[in-house]
Amino acid sequence: MERALFLVYLSCLSLTSAFALTSTITVPLFLSLLCVVIFVINAIIYRDHYLSIEVEDLVLFLFLLSVYLGFFLNQNHFKSGKPFNHVIAYSYVVLINYYLIKNAYYHLCKKFGAGFISKSYAAIYFGIFITCAFGIAEFWLKNIKGIDVDSYIPRPAVSEYEPLALTDFIRLRSFVEESGHLAYYIEVFAPIAIYFSRKKKYLFYPLVAVISACFLLTFSTAGWLISAFTYLILTIWYAEFWKQRENTIVNYRKIFRYLLGVGIVVSIFASNYNLVTYVSSALKEVVVYKIGRSNSAEDRTARYLEGVNALAHSDLLRLSFGNGPAVYDTLQFHRGGTILLYLTIILESGLLGLSFFLIFCALLFYKAMKLQNPQLRFVLLFALCSSFLHFLIISNYWYPWFWILAIIIQANYRMDRINGQVRAYQLQNA
């Protein structure tokens, strides 16, 4: 039951808005609490569970302490109970959604072996496939059939959602709160799902098709640019093909098929002037317009400038330890939150909190770089770097996606270390 529940949790990670029990209690939150409760109960009954504490955990605990410190130093300046609610949110994310869930995952990996990691990838595959397929269906029903899908799906928060793209189309969001967040979910878990299905064509090709279509129909400029930039930088910097080119057998048949496919697509576009014109104007509107003149860009810029202005006028105490959680409420921001995680952290817990969070991110990056499997290393680095970049435009630290990614990276690193020690022992006693 413990294993099955955890796999269900991984497959339901996208349900951060749809089918939520309340505006606060989402399906992943509820399932994560169940996983932790069962983990604790089994630990008490069987006494075979243990809590491991790694360097990353200690750093994240220090980050949480910096949040508490900012809260206590500024409690006389709070305007409402929102800072306390945000302290609870930080505590839940670090202690339950990350630390206890991680230990539950470690226990399952120890109990069922490396096969459980593969099963967790399968659960993620299932979740992202269903999410993207539903998103495509949602786009078709809303824009072609005129059916309001949202009226049939309970969403306690942000139930009404009609952002337009190309002046005509309603952007899809599937099970999450908005299109940009869906793009982030895809950036994090699509690489893992693709890695899992890479040797199973009947799983691989349908997945790539639905992911590509869904990602395109989010009309998320940030998601497109972040994915393209991350892939380009990692390919140039990492360059696994060139590192191993002496040992690589070039598959000319695959290269020919790839070039043939690209040539057909280019020929279709080149022979249809109207199609080229439409695609060009669409890209101009979606990318150029959204970056420079859209309401979304203006709102993000205003929120960013409001946060930067507050930071610029902070005294030494506030700069060091922050203004406490829910800074937008304490400082009475006109636009609400800054929607930029790094800026939010430095405003709420100061340079102290930001330093601990960045150290945690650096440790994750280090462990991802040290993974033995080059393909897995690449996809996890892609997901991790995409997360780092996406935190420049969102501040939703309470979503489980980044924390599950962190757990997967650490679990694979841990498994590599264990396997390395076993091989070393076998060689020593051979």
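The values are calculated or read from the model by the stated rules, or taken from the named source; none is laboratory data. Bear in mind that the values here come from a model prediction, so they are computed numbers and not experimental data. Note that each Cβ is placed from the backbone with ideal geometry, even for glycine, and that neighbours are counted across all protein chains shown.
Values for this structure:
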{"quantity": "Residue count for segment 292-332, restricted to those that are assigned to a loop (DSSP other than H, G, I, E, B) and at pLDDT below 80", "calculated": "3"}
{"quantity": "Residue match in segment 239-248 (condition: in a helix (DSSP H, G or I), at pLDDT below 55, aromatic (F, W, Y) and at negative phi)", "calculated": "yes"}
{"quantity": "Subset of segment 36-92 [within 23 Å of F112 (Cβ to Cβ) and polar (S, T, N, Q)]", "calculated": "N42, S52"}
{"quantity": "Residue check for L21: part of a loop (DSSP other than H, G, I, E, B), modelled with pLDDT under 90 and surrounded by 12 or more Cβ atoms within 10 Å (Cβ to Cβ)", "calculated": "yes"}
{"quantity": "Some residue of segment 39-51 being over 23 Å from T24 (Cα atoms), in contact with a helix residue (DSSP H, G or I) (Cβ under 6 Å, 6 or more places away or on another chain) and either among the charged types (D, E, K, R) or surrounded by fewer than 16 Cβ atoms within 10 Å (Cβ to Cβ) (or both)", "calculated": "yes"}
{"quantity": "Subset of segment 39-62 that is part of a helix (DSSP H, G or I) and farther than 20 Å from F402 by Cβ - its residue that is nearest to the chain's Cα centre (by Cα)", "calculated": "F39"}
{"quantity": "Yes/no for I394 being of a type in the set (V, I, T), within 13 Å of I192 (Cα to Cα), at pLDDT 85 or above and buried (at least 19 other Cβ atoms within 10 Å of the Cβ)", "calculated": "no"}
{"quantity": "Residue within segment 380-388 that is out of contact with any Gly (no Cβ under 7 Å at 6 or more places or on another chain), assigned to a helix (DSSP H, G or I) and surrounded by fewer than 17 Cβ atoms within 10 Å (Cβ to Cβ) present", "calculated": "no"}
{"quantity": "Of residues in segment 163-184 being in a loop (DSSP other than H, G, I, E, B) and out of contact with any Phe, Trp or Tyr (no Cβ under 9 Å at 6 or more places or on another chain), the one modelled with the highest pLDDT", "calculated": "D168"}
{"quantity": "Residue match in segment 146-158 (condition: farther than 16 Å from S11 by Cβ, assigned to a helix (DSSP H, G or I) and touching a Ser or Thr at 6+ places or on another chain (Cβ under 8 Å))", "calculated": "yes"}
{"quantity": "Lone qualifier among I96, I144 - being within 17 Å of E2 (Cβ to Cβ) and surrounded by fewer than 19 Cβ atoms within 10 Å (Cβ to Cβ)", "calculated": "I96"}
{"quantity": "Hey, G350 touching a residue at least 40 places away in the same chain (Cβ under 8 Å), at positive phi and assigned to a helix (DSSP H, G or I) or not", "calculated": "yes"}
{"quantity": "Failed item in (1) under 21 Å from V94 (Cβ atoms); (2) of a type in the set (A, V, I, L, M, F, W, C); (3) in contact with a Ser or Thr (Cβ under 9 Å, 6 or more places away or on another chain), with A368 passing the rest", "calculated": "(3)"}
{"quantity": "Among residues of segment 337-349, those that are modelled with pLDDT under 85 and farther than 19 Å from I88 by Cβ, counted", "calculated": "2"}
{"quantity": "L31 under 18 Å from L354 (Cβ atoms), of a type outside the set (S, T, Y) and either part of a helix (DSSP H, G or I) or over 20 Å from the mean Cα position of the chain (by Cα) (or both)", "calculated": "no"}
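Yes/no per residue for (1) of a type in the set (D, E, K, R); (2) closer than 22 Å to V8 by Cβ; (3) over 21 Å from the mean Cα position of the chain (by Cα); (4) assigned to a helix (DSSP H, G or I):
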{"site": "Y92", "(1), (2), (3), (4)": "no, yes, no, yes"}
{"site": "K110", "(1), (2), (3), (4)": "yes, yes, yes, yes"}
{"site": "G115", "(1), (2), (3), (4)": "no, yes, yes, yes"}
{"site": "S118", "(1), (2), (3), (4)": "no, yes, no, yes"}
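Conditions (1) on the phi > 0 side of the Ramachandran plot; (2) crowded, with 21+ Cβ neighbours inside 10 Å; (3) touching a helix residue (DSSP H, G or I) at 6+ places or on another chain (Cβ under 6 Å), marked per residue:
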site: F6; (1), (2), (3): no, yes, yes
site: L10; (1), (2), (3): no, yes, yes
site: L13; (1), (2), (3): no, yes, yes
site: T26; (1), (2), (3): no, yes, no
site: S32; (1), (2), (3): no, yes, yes
site: E56; (1), (2), (3): no, yes, yes
site: Q75; (1), (2), (3): no, no, no
site: Y105; (1), (2), (3): no, yes, yes
